[in-house]
1. Against the condition on the phi < 0 side of the Ramachandran plot and touching a residue at least 60 places away in the same chain (Cβ under 8 Å), how does A:ARG115 come out, does it pass?
2. Looking only at segment B:80-93, filter to residues that are touching a Pro at 6+ places or on another chain (Cβ under 7 Å) and in contact (Cβ under 8 Å) with a residue 24 or more places away in the chain; which one of those is farthest from the other protein chains (Cβ to nearest Cβ)?
3. Cβ contacts < 8 Å: first residue part of a helix (DSSP H, G or I), restricted to segment A:178-191; second residue modelled with pLDDT of 95 or more and among the hydroxyl-bearing types (Ser, Thr, Tyr), any location; separation 6+ or different chain. Result?
4. Report the residue count in segment A:19-39 for those that are within 13 Å of DNA strand D (Cβ to nearest atom) and outside any helix (DSSP H, G or I).
5. Is it the case that some residue within segment A:94-105 is assigned by TED's automatic domain parsing to the domain that holds A:ASP198, touching a residue at least 12 places away in the same chain (Cβ under 8 Å) and either among the hydroxyl-bearing types (Ser, Thr, Tyr) or under 22 Å from A:ALA172 (Cα atoms) (or both)?
6. Could you list, in sequence order, the residues of segment A:122-133 that are in a helix (DSSP H, G or I) and closer than 13 Å to A:LEU183 by Cα?
7. Looking only at residues that are assigned to a helix (DSSP H, G or I) and more than 14 Å from every other protein chain (Cβ to nearest Cβ) in segment A:150-177, which one is farthest from B:ASP84 (Cα to Cα)?
8. Only one residue in B:ARG69, B:ARG47 is outside any helix (DSSP H, G or I), of a type in the set (Lys, Arg) and within 16 Å of DNA strand D (Cβ to nearest atom). Which one?
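The values are calculated or read from the model by the stated rules, or taken from the named source; none is laboratory data. All values derive from a computational prediction rather than experimental measurement. Heads up, the Cβs are rebuilt from the backbone with ideal geometry, glycines too, and the neighbour counts pull from every protein chain shown.
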Number of protein chains: 2
Amino acid sequence: MGLDLEDLEPVSRRSTAAIVADRLRQAIMRGSFPPGTQLGEVELATRLGVSRGPLREAMQRLVAEGLLRSERHRGLFVRDLAADDVRDVYIARTAVERAAALLILAGDRESATLRLTAALATMEAAAAAGDAVALADADHRFHHEFVAAAGSPRLRRMADALLVETRMCLAALQRTAPPAADLVAEHRILRDAVRDGDTDRLVATLEAHMADAVARILDGADLSEGAPDGNLPALPA
Amino acid sequence: MGLDLEDLEPVSRRSTAAIVADRLRQAIMRGSFPPGTQLGEVELATRLGVSRGPLREAMQRLVAEGLLRSERHRGLFVRDLAADDVRDVYIARTAVERAAALLILAGDRESATLRLTAALATMEAAAAAGDAVALADADHRFHHEFVAAAGSPRLRRMADALLVETRMCLAALQRTAPPAADLVAEHRILRDAVRDGDTDRLVATLEAHMADAVARILDGADLSEGAPDGNLPALPA
DNA sequence: GCTCGTATGATTGTCAACAATCCGCGGAAC
DNA sequence: GTTCCGCGGATTGTTGACAATCATACGAGC
């Protein structure tokens with residue numbers, strides 16, 4: 001013991017199903033598969049270089065995560081998120097990140113501040129470079145680090161799943177145009193509130209941050225609940 | 001349209017993997033498989049009457065839900081929950097159910113009250129009959145209905161997963177001996193707070209309810225963080 | 001002209017066999 | 001006596017093929 005080498009253990013310790021699931025998750029997250037598209041098994045299997053067995057296992061995993069929708073003898077489709085889903089994602093994120101905030105304030109504020117500061121620096125760099133994709137990545141990472149700093153594995157897992165859905169929302173309707181400066185400023189406030197241990201400000205800013213995001217996504221978006229055109233085929237039911 | 005027939009649609013619309021997953025989830029929940037036991041694929045497949053293919057898909061689903069732990073070329077094992085996991089489950093449950101509480105109070109209190117009252121009646125019946133298993137089932141159902149009444153699919157899904165883990169905790173260490181009367185009384189307070197729209201009392205009672213539960217489970221339990229005997233082989237890492 | 005039944009093509013669901021990997025045990029070397 | 005090496009048994013990971021099911025297009029009947 002006493003080795004300070006950070007996690008060098010996993011040689012190829014992950015099952016191929018997990019690898020395939022990660023690959024697919026990232027592709028869906030980045031919007032490579034438009035919502036509602038059918039994922040043919042044979043094509044994906046050949047393109048990924050695996051057989052249909054592991055691919056199906058990975059699919060089931062993504063179904064359990066809510067990214068895919070399975071219809072028996074029909075196929076698997078990437079879930080298309082309606083307006084209700086966008087609100088729901090942020091409702092759930094608010095629940096998770098609020099709990100994370102309380103845990104952070106009750107725990108190790110210092111290390112949390114460090115992690116958030118690092119993520120914030122990435123955001124600032126992306127904003128300065130005007131790189132929208134990198135900014136979205138950094139935003140994603142900030143919130144991931146935020147929940148991870150709380151130290152609760154289950155909150156972290158739930159947050160990660162919700163962040164993927166968030167990216168799906170953003171990728172679906174390509175309006176990733178929040179004023180970069182404002183976005184960075186909001187996150188800086190969160191970091192500062194963690195650093196200062198200001199519970200009220202942290203929670204209030206967090207909830208406002210979520211409400212802003214959902215408003216920014218849905219505001220003027222062409223999805224207004226009732227399947228406007230052919231791009232959003234089905235109601236969420 | 002206008003048919004008021006409630007969901008008669010699904011004939012056998014569910015994939016066998018989903019059915020198998022449900023079956024396994026219930027078995028794990030009820031403690032039929034002690035924590036840490038290895039789930040041999042061939043044996044389970046034969047006992048369930050399916051082949052290894054669908055079984056493996058169901059397994060991956062349970063892995064994604066955090067009920068199983070997969071070691072490559074080693075097998076799948078039911079996760080053994082340590083003390084930290086018990087605390088974490090209740091941390092996550094508090095986060096979810098608190099958010100659900102706020103949503104209920106901001107939404108349709110009346111229908112929520114009805115659902116909770118029905119679940120409460122089941123609890124009272126079980127308590128009166130002295131049936132511990134039925135009481136645990138009713139407790140489970142109460143909290144399920146509570147989150148479901150909030151109307152958020154994602155909160156509901158997360159709550160269901162956490163409730164399964166809760167049952168695992170209870171089944172693992174067979175101390176399901178909370179005073180039945182107290183348990184019913186606590187839930188009645190929750191119902192009343194929903195009915196009266198008393199936010200502070202609802203949230204406070206909820207958090208106290210969670211803290212009580214984790215204390216009741218861990219208090220005097222033989223798992224005291226550091227792998228006391230052979231029943232808890234590995235640290236959670 | 002419209003509707004219904006049927007054939008076809010493709011896709012998914014399922015299965016049984018093959019290959020790769022790991023654990024436990026016995027024996028040899030030091 | 002201890003350590004290392006190798007082998008047998010068992011289990012998982014993967015593959016390809018077979019069977020069931022569904023969507024689509026075409027033609028017959030009214």
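1. On the way: on the phi < 0 side of the Ramachandran plot: yes; touching a residue at least 60 places away in the same chain (Cβ under 8 Å): no.
The answer is no for A:ARG115.
2. Restricting attention to segment B:80-93, the residues satisfying the condition of being touching a Pro at 6+ places or on another chain (Cβ under 7 Å) are B:80-82, B:84-85, B:88.
Now drop any that are not in contact (Cβ under 8 Å) with a residue 24 or more places away in the chain, which leaves B:80-82, B:84-85.
Working: B:ASP80: 14, B:LEU81: 11, B:ALA82: 11, B:ASP84: 9, B:ASP85: 8 Å.
Among those that are touching a Pro at 6+ places or on another chain (Cβ under 7 Å) and in contact (Cβ under 8 Å) with a residue 24 or more places away in the chain, it is B:ASP80.
3. From residues that are part of a helix (DSSP H, G or I), the pairs are A:GLU186/A:THR205; A:ILE189/A:THR205; A:LEU190/A:THR205; A:ARG191/A:THR113; A:ARG191/A:THR117.
4. Result for segment A:19-39: 1.
5. As a first pass, look at segment A:94-105 and keep what is assigned by TED's automatic domain parsing to the domain that holds A:ASP198: A:94-105.
If we keep only those that are touching a residue at least 12 places away in the same chain (Cβ under 8 Å) as well, we get A:94, A:96-105.
Checking which are either among the hydroxyl-bearing types (Ser, Thr, Tyr) or under 22 Å from A:ALA172 (Cα atoms) (or both) leaves us with A:94.
Yes: one or more hits.
6. Applying the first criterion (in a helix (DSSP H, G or I)) to segment A:122-133 yields A:122-129, A:132-133.
Passing the criteria: A:THR122, A:MET123, A:GLU124, A:ALA125, A:ALA126, A:ALA127, A:ALA128, A:ALA132.
7. Applying the first criterion (assigned to a helix (DSSP H, G or I)) to segment A:150-177 yields A:153-172.
Imposing the further condition that a residue be more than 14 Å from every other protein chain (Cβ to nearest Cβ) reduces the set to A:167, A:170-172.
Numbers: A:ARG167: 31, A:LEU170: 35, A:ALA171: 37, A:ALA172: 38 Å.
Result: A:ALA172.
8. Details: B:ARG47 fails: outside any helix (DSSP H, G or I).
Among B:ARG69, B:ARG47, only B:ARG69 is outside any helix (DSSP H, G or I), of a type in the set (Lys, Arg) and within 16 Å of DNA strand D (Cβ to nearest atom).
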